[in-house]
Amino acid sequence: MTIKNLLNVALITGVAVGTVSCKKDSDNDTTPPAGQKVYALGIGVTTTTATTNYVVQTSDLMSGTVSLAGNGLLQDGYRDYAYAGSKFFSIGGLGITDVNTLSLNASDKLTTQTGLTFELQNNELIDIDGTGKTMVGASLPTGPTVGLNAKFYTVDVASNTVANKVDVPMNNIHPSSEDWLFHTGMQVRGNQMFQTFYPVNAATYETKNTDYNYVAIYSYPGFVLQKVIKDSRTGPSGAFNTRSGLFKTESGDLYAVSNSSFSNGYSQSTKPAGILKIASGATEFDANYFFNTDAAANGGKIAHAIYIGNGKLFAEITTKVPTAADRWSDANLRLAIVDLNAKTVTPVTNSPVFSGNGGRSFAATTDEGKVYCAITVAGVMNIYQTDIATATATKGATIEGTFLGGIARLK
């Protein structure tokens with residue numbers, strides 16, 4: 001599904017009438033056997049007129065079918081997903097600002113808590129340190145007619161509330177007279193927050209400024225803008241709504257990932273795809289580190305990625321150089337493991353070549369040395385389990401739906 005299709009469908013109508021039988025929380029009878037794992041999956045079903053979103057649970061990602069029938073909790077409108085503290089956040093977008101916070105009750109059934117709402121639709125919500133206690137969110141207006149301030153906030157997971165919120169003028173982050181900016185990633189490190197973004201025409205989505213990689217640095221938790229740094233070795237980090245622009249390692253090193261790819265919406269590409277580093281404790285780009293992923297063996301443009309530990313990314317990377325005709329296609333992808341320290345790209349054995357989900361965060365999760373994501377081939381969507389140690393994928397369960405929007409282990 002391309003980003004144009006995603007936007008057009010979602011703007012036509014936020015919710016379609018589902019063709020499957022989905023039950024309310026109290027009727028959800030998918031109770032896992034005692035001791036089994038429980039995963040939550042955000043699944044989208046797209047028709048010619050709309051996209052409908054559901055959250056389902058399963059204990060088996062590797063066999064059979066993950067069905068919506070009698071299992072799916074209907075989510076109103078457009079949804080994206082985040083995870084922290086054994087809670088799965090179904091986050092509204094495209095005009096919807098509420099969050100459904102899903103967790104397991106005493107019977108290990110999904111249950112929904114409401115009440116968490118943002119002023120503007122959320123761009124990203126992250127667990128700041130992996131403890132599941134505090135999340136940081138960002139809500140940026142999509143254009144100057146929507147608002148002039150970026151909104152940054154913390155969320156207290158236990159109380160399911162916004163703990164504090166700060167407005168930062170968009171023009172202070174990047175000159176609005178030159179271009180608007182779209183958020184692509186953020187990380188909290190100590191008493192600072194780092195944000196990647198790219199300049200864009202808010203009306204046409206043209207990207208005429210692709211000669212620099214930008215990182216805005218704020219205090220944390222005060223969200224006072226301290227400075228914006230830039231580097232000319234790559235273009236901007238990330239792409240439209242993918243949230244794959246910035247990653248943090250266990251040591252505190254930050255890596256800004258640029259693709260400037262036509263396939264992910266850029267209207268031009270003037271610099272090689274690559275990765276830059278901000279070393280632990282530093283607030284400038286490391287002049288001695290540059291990983292040109294375009295030129296690397298087995299390389300290409302990293303369209304989507306998650307951090308999987310030990311200085312490695314699990315990524316969807318292009319298999320051929322995109323052209324202007326490929327704009328918004330998110331096509332010709334394969335799974336790969338990217339070693340940020342060794343500067344290597346290792347293709348995942350048994351990964352098919354596929355198209356991604358356009359402007360969405362990468363729906364993938366790590367669990368006991370494996371990574372789980374979904375790939376659609378010939379109209380059929382399956383879970384793929386990748387063994388990190390061997391970089392080998394195994395095809396798993398079939399998912400009833402069009403795309404996987406989020407996945408997390410709740411138990």
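Per-structure values
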quantity	calculated
Filter result for Glu178 (within 18 Å of Gln268 (Cα to Cα), without any contact (Cβ under 8 Å) to a residue 60 or more places away in the chain and among the acidic types (Asp, Glu))	yes
Pick from the stretch 189-225, criterion among the hydrophobic types (A, V, I, L, M, F, W, C), assigned to a loop (DSSP other than H, G, I, E, B) and touching a strand residue (DSSP E or B) at 6+ places or on another chain (Cβ under 8 Å), ranking: surrounded by the fewest Cβ atoms within 10 Å (Cβ to Cβ)	Val224
Strands (runs of 3 or more DSSP E) fully within the stretch 44-110 counting 3 or more residues that are out of contact with any Ser or Thr (no Cβ under 8 Å at 6 or more places or on another chain), at pLDDT below 95 and buried (at least 18 other Cβ atoms within 10 Å of the Cβ)	none
Residues that are crowded, with 20+ Cβ neighbours inside 10 Å and in a loop (DSSP other than H, G, I, E, B), drawn from the stretch 111-127	Phe118, Gln121, Asn122, Asn123
All positions within the stretch 137-162 that are over 20 Å from Asn213 (Cβ atoms), outside any loop (DSSP other than H, G, I, E, B) and in contact with a Pro (Cβ under 8 Å, 6 or more places away or on another chain)	Asn149, Thr154
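The values are calculated or read from the model by the stated rules, or taken from the named source; none is laboratory data. In this text, all values refer to a predicted model and were calculated from it rather than measured experimentally. Using ideal geometry, Cβ is built from the backbone for each residue, glycine included, and neighbour counts are taken over all protein chains shown.
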